Amino acid sequence: MNETDEIEVSINGAPLRLRAGATLPDALATLGIGVESRGVAVALDGEVVPRSRWQVTHLVTGSRVEVVSAAQGG
């Protein structure tokens, strides 16, 4: 893969290189999170993305992805 086939995004502030055309599920997979994972919310460039739009949300160089997982406890 050469540089033109890649994009650079950040996930929770950490830089990550993905293939050009990557979607939110591609980025989430690097964290071990699948589209069926429960208790996960995702924001792209500061806007929450509904789970129903994850598969069709493409990332571009500079995209900022924030992933939040719900935790149980007190």
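A few comments on the model shown:
- Flag if T61 is touching a helix residue (DSSP H, G or I) at 6+ places or on another chain (Cβ under 6 Å), of a type in the set (S, T, N, Q) and either touching a residue at least 60 places away in the same chain (Cβ under 8 Å) or at negative phi (or both): no
- Verdict on S37 being of a type in the set (G, A, S), in contact (Cβ under 8 Å) with a residue 40 or more places away in the chain and on the phi < 0 side of the Ramachandran plot: no
- Subset tally (residues that are surrounded by fewer than 12 Cβ atoms within 10 Å (Cβ to Cβ) and among the β-branched types (V, I, T)) for region 58-72: 1
- Taking region 1-28 as the range and being aliphatic (A, V, I, L, M) and either in a strand (DSSP E or B) or closer than 20 Å to G46 by Cα (or both) as the test, the residues that pass are I7, V9, I11, A14, L16, L18, A22, L24, A27, L28.
- Filtered by the rule that a residue be free of Cβ contacts under 8 Å to residues at least 12 places away in the same chain and surrounded by 11 or more Cβ atoms within 10 Å (Cβ to Cβ), region 1-33 gives R17, A29.
None of the figures in this text is laboratory data; all of them are computed from the coordinates on show. All values derive from a computational prediction rather than experimental measurement. Every residue, glycine among them, receives a Cβ derived from its backbone with ideal geometry; neighbour counts consider all protein chains shown.
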